[in-house]
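S.K.: Take this structure, written in structure tokens, and hold onto it; I'll ask about it next.
The values are calculated or read from the model by the stated rules, or taken from the named source; none is laboratory data. Note that the structure is predicted; figures quoted are calculated from it, not measured. All Cβ positions, glycine included, derive from the backbone under ideal geometry; neighbour counts span all protein chains shown. Surface areas here come from the heavy atoms of the whole protein model, side chains and all, with no ligands, DNA or RNA. Shrake-Rupley method; radii C 1.70, N 1.55, O 1.52, S 1.80 Å.
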Amino acid sequence: MSDEAKLISNNHKKWIVDLLRENNNEVTTELMYLEGEKHHCDSLGALLRSLKNSKVIDFPGLFLFDRDEDKQKIIKLLKEDYDPFA
């Protein structure tokens, strides 16, 4: 991954974790995707999956989509001190 792509990815991971912290460490998929639109994030599903694989967050299933079936699923922050830039 290029340095620029890594920076963009880490910036997205930062706002994802910040959003969770601001909301008592959990949000619905719907809220996450709404916030993703504000940040022009077109890779949110992949970023969430990456954070889940790193055990930073957790959510039911393998992948969350911006669709009716997933909107009320809860995303939880597991590592409150996570810093994507560390």
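S.K.: If I model a spin label at ARG21 and ALA86 as a point 7 Å from the Cα along the Cα→Cβ vector, what separation in nanometres do I get?
M.R.: About 1.1 nm separates the two model spin labels.
S.K.: Normalised by the number of residues in the chain, what is the relative contact order in percent for Cα pairs under 8 Å and 6+ residues apart?
M.R.: Computed value for the chain: 38 percent relative contact order.
S.K.: Follow-up. At a probe radius of 1.4 Å, what is the per-residue accessible area of ASP68, in Å² to the nearest 10?
M.R.: Spelled out: ASP68, probe radius 1.4 Å, area about 120 Å².
S.K.: Between helix 29-38 and the chain, what is the angle of the helix's C-alpha long axis to the longest principal axis, kept within 0 to 90° and rounded to the nearest 10?
M.R.: Between the helix axis and the principal axis of the chain, the angle is about 40 degrees.
S.K.: I've got another one for you. Direction-averaged shadow area of the convex hull around the Cα atoms of the chain, nm²?
M.R.: Quarter of the Cα hull surface area: 5.3 nm².
S.K.: How much of the accessible area of the chain, probe 1.4 Å, is carbon plus sulfur, in whole percent?
M.R.: Ligands and nucleic acids excluded, carbon and sulfur give 49 percent.
S.K.: Specify which residue in the list GLY36, LEU47, ALA86 is farthest towards the positive end of the charge dipole of the chain, using unit charges on the beta carbon of Lys, Arg (+1) and Asp, Glu (-1), about the Cα centre.
M.R.: So the residue we want is ALA86.
S.K.: So what J values fall out for the range 45-52 if you push phi through Karplus, 6.51 cos²θ - 1.76 cosθ + 1.60 with θ = phi - 60°, rounded to Hz, Gly and Pro as x?
M.R.: x, 5, 5, 4, 4, 4, 5, 5
S.K.: Taking only protein heavy atoms and a 1.4 Å probe, what accessible area per residue, in Å², does the chain have with all protein chains in place?
M.R.: 63
S.K.: So, one more: Tell me which of ILE57, ASN10, ASN25 sits at the most positive position along the dipole axis of the chain, charges placed on C-beta atoms (Lys, Arg +1; Asp, Glu -1).
M.R.: After comparing all options, I get ILE57.
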